[in-house]
Amino acid sequence: MLEKGVWSVVISVNDLPMGVVTERDLLRRIIARGRNMDKVLLKDVMSSPLITIDPEASFGEAWKLMIEKGVRRLYVIEKGKVTGRVTQTGLFQKLLDAVLALSSIKYLM
C-alpha cells in the first residue's frame, strides 16, 4: 500500500472481489492490538462483504448507501470486476463544486 500510494486494497478470491483492507483496518485491527503484521492473514482483518454500487447509480444513491452501511468508500462493479471506487471525500468535493457553481450564478429578475 505504501509503495503504490493507496489507502485500500481489494481482496479477491478466484477473481471475485470479497473484501477490502484499508489503512484504518491495519491501524485498528493489527497495530492498535499489538499484533505482528507478518503473521496476520488478510482474511482476518479485511472488511467483508465488499460494499458495491452499479456504475449507473446516482450521486444520491451512492451517498445514501454510504450512510446506511457506515462506509467511506464504495466499489463500482461491472461484470463481476471492480472498475472503480467512489469515496466519501470525492462525493463531498463534487457536492461542494456544485454548491459553489450554483452560488456564482447571477439571478435575472
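The values are calculated or read from the model by the stated rules, or taken from the named source; none is laboratory data. As the structure is a prediction and not an experimental result, all values here were calculated from the model. Glycine gets a Cβ as well: all are built from the backbone with ideal geometry, and neighbour counts include every protein chain shown.
Assorted remarks:
- Condition met for LEU108 (farther than 18 Å from MET1 by Cα and either at pLDDT 95 or above or touching a Cys at 6+ places or on another chain (Cβ under 6 Å) (or both)): no
- For region 1-56, the candidate set comprises residues that are touching a residue at least 40 places away in the same chain (Cβ under 8 Å) and part of a loop (DSSP other than H, G, I, E, B); within that set, the residue that is nearest to the chain's Cα centre (by Cα) is LEU50.
- Test: residue in region 19-29 that is farther than 20 Å from LYS4 by Cα, at pLDDT 90 or above and of a type outside the set (Ser, Thr, Tyr): yes
- Matching residues in region 64-76 - criterion: being surrounded by fewer than 17 Cβ atoms within 10 Å (Cβ to Cβ), part of a helix (DSSP H, G or I) and not β-branched (Val, Ile, Thr): LYS64, LEU65, GLU68, LYS69
- Looking only at region 17-49, residues that are surrounded by 12 or more Cβ atoms within 10 Å (Cβ to Cβ) and not β-branched (Val, Ile, Thr) come to 15 in all.
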